[in-house]
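Report on the following structure.
Just so you know, all these numbers are worked out from the coordinates, no wet-lab data involved. These numbers come from a predicted model, not from an experiment. Heads up, the Cβs are rebuilt from the backbone with ideal geometry, glycines too, and the neighbour counts pull from every protein chain shown.
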Amino acid sequence: MLKVAKFGGTSMADAAQFRKVHKIVTNDDDRKFVVVSAPGKRFKEDNKITDLLYLTHAHIKFSVPYAPVFKIIEERFNSIKEELNLNINLEHEFKVIKERLDNKCEENYIVSRGEYLSAMLLADYMECDFIDAKDVIFFNYDGTVNRDKTHEKLTEVLNGSRRAIIPGFYGSYPDGSIKTFSRGGSDITGSIIASAAGADIYENWTDVSGFLMADPRIVKNPRQIKRITYQELRELSYMGASVLHDEAVFPARQAGIPINIRNTNEPDNPGTIIVGDDEKAYESKDDDHIITGIAGKKNFTVFYIHKEHMANEVGIIRSALEVFDDRGISIDHIPSGIDSFSIVLPSESVERITHEIVEELKAKCKAESVHVHKNLSLITTVGIKMAYKPGISAKLFTALGDNNINIRMIDQGSSEINIIVGVEDKDFEKAIKAIYDAFVR
Ligand code: ASP
């Protein structure tokens, strides 16, 4: 059995968290490769090291002395080192970094140093190998990962190590300079390493015990999701239920490696397992709910386009889509009727140009009318088992009807793993509670 464990920012936030990580890793010999984030927040008002590094870069860019900000970073790492009694020569590391900052202001290099130092400290503390991500994660100049080269190198390097700590979030360009993923990207590093190592499981340690069936700010004590498929997860995270970086799923999924979301502060909790799409369909004894989770977002806008005899016309939807394409605006849903269809998208992307778009839609589609409806919330109810069971939508709509909630839109993906309803923003919380109560309580 081989496990790759990735620890996020809050798991690396201070010496106390390092101790927990040490214990979790040494408790299980299978946890051979460990990927870490930079130290995150210790408490709500605290700063993430990566944010401070971005700030350092901004200071340099605008020729403001960066020393005061960098000092806060040094102090954070020094305090971890001192509390854990480590030998690592941090002064030397800081000197190298500052020399480079004084010479050249490369953002990617600067912001990657949080992960670098975090991994150096942990490798020292755990007395195991440190593998610099720049030597094993390779990017192409277009910003994509060079999968083959990365895979090849990782296989070689990992094979030679009994246990290793690897910084997340960055790799290198063909010329050796540092390139980072987007924010939260250590999740991606972990997934790539799990895939190259041929891990049996990719553990993603964070500060929550996996996914909950609904947002706990809306539903009191929602149940934890024990198993979820990649596809279900995608539907839920698209609607805001995010614990994992979006792109982190792909390498593990491709290699058929389940991802286990675990809580560093509650290591006995088994967390949530993300599995392949077929593995979950009918299983499991302790997972008796027909739905897997509910998530939603407020603030959508609907353009409702009506035109008599539209059904007989070719290309009308395309003409409407061009209006958005031309402005680089992406669309979420296109529910349609016989003589009408709607275009649903986040309000923020059309906020200042709504009128302009209405006029253009009227002209391009030669529509009788174009109405705009704002303040729509979308709620998705997800569950791979829904496709196999009749009566689910009836139950959902009854729950909303019984609670006097007006449904403004309905959409079901063709994979039938979710039903999306649109309700007024004011009914958002009430609707989520009603759906949860109908299916889970
Ligand atoms: N430290 C980086 C960030 O805050 C990457 C990560 O933590 O995954 O975005």
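Label points 7 Å out from Cα along the Cβ direction at residue 366 and residue 397: separation in nm?
It works out to 3.4 nm between the two label points.
Residue separation times 0.36 nm, minus the C-alpha to C-alpha distance between residue 224 and residue 289: what's the value? Present the calculation step by step, with values, prior to reporting the outcome.
Details: separation 65, 0.36 × 65 = 23.40 nm, distance 1.15 nm.
Taking residue 224 through residue 289 to full extension adds about 22.2 nm, to one decimal.
Relative to the longest principal axis of the C-alpha atoms of the chain, give the angle of the C-alpha long axis of helix 392-402, reported between 0 and 90° and rounded to the nearest 10°.
In the chain, helix 392-402 runs at an angle near 80 degrees to the longest axis.
Rounded to the nearest 10 degrees, what's the angle between the helix 49-61 long axis and the longest principal axis of the chain, both from Cα atoms, 0 to 90?
Taking the Cα atoms of the chain, the angle to 49-61 is about 90 degrees.
Any idea how far the Cα center of the stretch 319-380 sits from the one of the stretch 237-280, in Å?
Centre-to-centre (Cα) distance: 34 Å.
Helix 15-26 against the longest principal axis of the chain: what's the angle in degrees, Cα atoms only, rounded to the nearest 10?
Between helix and principal axis, roughly 90 degrees.
Here are some pairs, 220/430; 41/179; 41/426; 298/366; 104/179; which of them have Cα atoms lying more than 22 Å apart in this structure? Don't skip to the answer; put the middle values down first.
Details: 220/430 12 Å; 41/179 24 Å; 41/426 33 Å; 298/366 30 Å; 104/179 15 Å.
Pairs exceeding the cut-off: 41/179; 41/426; 298/366.
Within the stretch 211-254, find all residues whose amide N lies under 17 Å from a label point positioned 7 Å from the Cα of residue 441 along Cα-to-beta-carbon.
Only 213-224 fall inside the zone, counting backbone N under 17 Å.
Antiparallel versus total DSSP beta bridges in the stretch 162-269: what percent is that, nearest 5? Numbers along the way, then the final one.
Values: 4 of 9 bridges.
Rounded to the nearest five, the antiparallel share is 45 percent.
What distance in nm separates the two pseudo spin-label positions at residue 375 and residue 85, each 7 Å out from Cα along the beta-carbon direction?
Computed distance between label sites residue 375 and residue 85 equals 6.3 nm.
Quickly work out the residue 348-to-residue 429 label distance, labels modelled 7 Å from Cα along the C-beta direction, and quote it in nm with one decimal.
The two pseudo-label positions are separated by 2.1 nm.
Listed highest first by mean packing, meaning other Cβ atoms within 10 Å per residue, what order do 62-68, 349-355, 79-85 come in? Let's see the in-between values first.
Details: 62-68: 11.0, 349-355: 13.3, 79-85: 15.6.
Most protected by this proxy first, the peptides run 79-85, 349-355, 62-68.
How high is the relative contact order of the chain, given as a whole-number percent (alpha carbon pairs under 8 Å, six or more residues apart)? Display every interim value, and only then the final one.
Values: 851 pairs, mean separation 57.7, N = 441.
Dividing the mean separation by the residue count of the chain yields 13 percent.
Cut-off under 13 Å on the C-alpha distance; same-chain residues fewer than 8 positions from residue 433 excluded. Which aspartates and glutamates are left, in chain and number order?
The reachable aspartates and glutamates, counting only those whose Cα sits under 13 Å from residue 433, are 215, 402.
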